[in-house]
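Note sheet for the following structure.
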Amino acid sequence: MVTVELHINARKVKIDVDPDMPLLWAIRDFVGLTGTKYGCGIGQCGACTVHLDGNATRSCSVPVSAVGNQKITTIEGLSEKGDHPLQLAWQQEDVPQCGYCQAGQIMNAAALLRGNARPTDMEITTAMSGNICRCGTYQRIHKAIKKASTMRN
């Protein structure tokens, strides 16, 4: 066990953990932010996506010791009031069904829009191809991202 200081959602948190522990478990079990979900555990489904210094990252595949001073943003930190354009568009397009993958989908889409405010259909499809939705809401996810891109500009 080592004491690690993480910068999560604009606040500093010190936790005692195994340095090899995946960031996902530190976020969920030691910090208590449960919006980030466990999916496959091997970085393939995207349910655990968070931002590290603004980049979409699979938190199940990153050991806590590799985070360093990078700023972590979880779905809870995307917007204090839940009014990020993607969150609003998600509601307007009625995207969620079971909702399990949604936090990871939104975090991946937020990283896309941060780097590309007006993505094309193909760019959205490519950027989101690593996030799996078992309910198959891909068309609504796509529409919500397009809507959010117009809300932001």
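The values are calculated or read from the model by the stated rules, or taken from the named source; none is laboratory data. Bear in mind that the values here come from a model prediction, so they are computed numbers and not experimental data. All Cβ positions, even for glycine, are placed from backbone atoms using ideal geometry, and neighbour counts span all protein chains on display. Only protein heavy atoms, including side chains, enter the accessible area calculation; ligands, DNA and RNA are left aside. Shrake-Rupley method; radii C 1.70, N 1.55, O 1.52, S 1.80 Å.
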| query | How many residues are assigned to a loop (DSSP other than H, G, I, E, B), open to solvent by less than 40 Å² (accessible area, probe 1.4 Å) and closer than 16 Å to Gly77 by Cα if we restrict to region 10-46? | reply | 3
| request: Scan region 122-153 residue by residue and report those that are part of a helix (DSSP H, G or I), of a type outside the set (A, V, I, L, M) and either touching a residue at least 24 places away in the same chain (Cβ under 8 Å) or closer than 18 Å to Asp83 by Cα (or both). | output: Arg140, Lys143, Lys146, Lys147, Ser149, Thr150
| field | Tally, over region 73-102, of residues that are out of contact with any His (no Cβ under 7 Å at 6 or more places or on another chain), open to solvent by 20 Å² or more (accessible area, probe 1.4 Å) and closer than 20 Å to Ile124 by Cβ | value | 11
| task | Look through Glu76, Glu93, Glu123 and report the one residue that is within 14 Å of the chain's Cα centre (by Cα), charged (D, E, K, R) and at pLDDT 95 or above. | result | Glu76
| Based on what the data block shows, is Leu113 closer than 30 Å to Thr3 by Cβ, under 16 Å from the mean Cα position of the chain (by Cα) and either open to solvent by less than 50 Å² (accessible area, probe 1.4 Å) or at pLDDT below 95 (or both)? | no
